[in-house]
Amino acid sequence: MVEIVLQNIQKNFGDFIAVKNSNLKVKTGEFFVMLGPSGCGKTTTLRMIAGLEIPTSGNIMLDNNNVTSLRASQRDIAFVFQLFALYPHLNVEKNISFPLRMQKMKSSEIKERVREVSQLLRIEHLLKSKVSTLAGGDRRRVALGREIVRRPAAFLMDEPLGTLDTEFREKMCLELRKLHNRIQATTVYVTHDQIEALTFADQVVVMHEGQIVQTGTPVELFEKPKHTFVGHFIGSPGMNILPCEIKNGQINFEGKILPSNTSIKKTNFSKTQVGIRPEFINFSNDGIKVKIKRVSDTGRHKVIDTECNSGRIKILANASAEIPSENTHITFDQKYTYVYGDDWIIE
């Protein structure tokens with residue numbers, strides 16, 4: 001197990017900056033998830049940690065050792081790709097044991113390690129089966145087994161469940177977390193799926209346009225997004241982000257002074273916005289006047305689309321909640337009301 005630290009990492013492809021001056025720290029034994037949409041730089045960052053890409057500038061540290069210039073083979077890191085990258089003409093046992101045979105390890109030790117890994121992944125009964133005959137989930141286990149058997153210092157996983165259907169992906173999410181808890185290896189996992197990220201991460205880094213915009217626990221990212229992109233990207237529905245004004249250190253929205261725990265001193269932003277998640281909005285007899293446009297019943301919740309002069313506001317309520325008439329008022333929970341200046345939270 002290792003600690004992974006990136007120091008001012010940047011990666012350019014010609015004039016295009018794929019990763020911008022990024023810093024992050026993955027603690028020893030942590031399950032760390034890199035989350036963001038396609039093209040945000042998360043896979044490029046993962047490949048730099050693995051040694052498959054060389055940074056344009058900055059340093060990569062593994063347990064205080066600078067490995068920036070080392071080849072991938074010198075870093076003792078396992079990389080699990082989105083595609084299975086298995087040998088279809090070999091059986092499961094030979095696929096798992098392949099890296100050990102390349103190291104010319106003793107056959108007795110290879111056999112023992114394969115036995116341990118196959119039991120861990122519950123694929124002992126498949127050891128003599130050809131990989132080409134296996135279902136997608138079993139192939140994924142074999143791919144994981146081939147990396148685990150090496151006992152690397154860290155695991156890097158690039159969208160490893162992306163090819164699976166929704167139901168099986170959810171099951172594999174739980175299986176991966178259980179596996180991590182058993183082997184306690186440092187793991188960096190890349191995904192664009194917020195459900196995957198929030199399900200099993202210890203820490204999540206959210207990337208946007210090549211930049212790290214926030215790192216925190218799933219709860220921290222949900223309850224206090226530090227950038228409007230995090231608010232939009234995480235949550236279903238995402239955070240309501242609406243234009244507001246700052247007057248005398250207070251949030252002025254729709255002619256109302258919104259409650260806030262922050263005394264806002266800096267006001268020279270090109271734009272200021274108020275952010276509130278749909279979960280933290282309540283109907284009231286007084287407050288911000290809105291018009292209800294649509295109510296969607298999802299079974300567990302009701303998503304209420306409302307409209308005010310500043311734009312659309314989504315509200316999330318319990319399925320049993322009574323929805324007011326067409327015109328009503330709402331209030332924001334002070335604890336979860338944030339103001340943003342040029343997309344960054346004002347604290």
Q. Among the numbered criteria (1) hydrophobic (A, V, I, L, M, F, W, C); (2) part of a helix (DSSP H, G or I); (3) within 27 Å of the chain's Cα centre (by Cα), which single criterion is violated by Ile96?
A. (3)
Q.
Could you go through segment 325-345 and let me know if any residue there is in a loop (DSSP other than H, G, I, E, B) and free of Cβ contacts under 8 Å to residues at least 24 places away in the same chain.
A. no
Q: State yes or no: is Lys293 basic (Lys, Arg) and at pLDDT below 90?
A: no
Q: Return yes or no: is Leu62 farther than 30 Å from Leu6 by Cβ and in contact with a strand residue (DSSP E or B) (Cβ under 8 Å, 6 or more places away or on another chain)?
A: no
Q. In segment 254-272, which residue that is at pLDDT below 85 and open to solvent by less than 90 Å² (accessible area, probe 1.4 Å) is nearest to His329 (Cα to Cα)?
A. Pro259
Q: Only one of these is open to solvent by 20 Å² or more (accessible area, probe 1.4 Å) and closer than 21 Å to Val230 by Cβ: Glu347, Glu326. Name it.
A: Glu347
(Q) So if I check each of Ile251, Ile241, which one is within 29 Å of the chain's Cα centre (by Cα) and crowded, with 18+ Cβ neighbours inside 10 Å? (A) Ile241
Q) Across segment 290-311, what is the number of residues that are touching a residue at least 40 places away in the same chain (Cβ under 8 Å) and within 15 Å of Glu279 (Cα to Cα)? A) 1
Q) Based on what the data block shows, is Phe283 open to solvent by 50 Å² or more (accessible area, probe 1.4 Å), over 26 Å from the mean Cα position of the chain (by Cα), closer than 30 Å to Lys247 by Cα and aromatic (Phe, Trp, Tyr)? A) yes
Q | Restricting segment 101-132 to residues that are part of a helix (DSSP H, G or I) and more than 17 Å from Arg150 (Cα to Cα), the residue that is least open to solvent (accessible area, probe 1.4 Å) | A | Val131
Q. Going by the conditions given, is Ile49 in a helix (DSSP H, G or I) and surrounded by 14 or more Cβ atoms within 10 Å (Cβ to Cβ)?
A. yes
**Q.** Given (1) in a helix (DSSP H, G or I); (2) open to solvent by less than 50 Å² (accessible area, probe 1.4 Å); (3) not acidic (Asp, Glu), index of the condition Val206 fails
**A.** (1)
Q) Is segment 151-167 home to any residue that is open to solvent by less than 10 Å² (accessible area, probe 1.4 Å), part of a helix (DSSP H, G or I) and at pLDDT below 80? A) no
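The values are calculated or read from the model by the stated rules, or taken from the named source; none is laboratory data. No experiment lies behind these values; they were computed from the predicted model shown. Glycine gets a Cβ as well: all are built from the backbone with ideal geometry, and neighbour counts include every protein chain shown. Heavy atoms of the whole protein, side chains included, go into the accessibility calculation; ligands, DNA and RNA do not. Shrake-Rupley method; radii C 1.70, N 1.55, O 1.52, S 1.80 Å.
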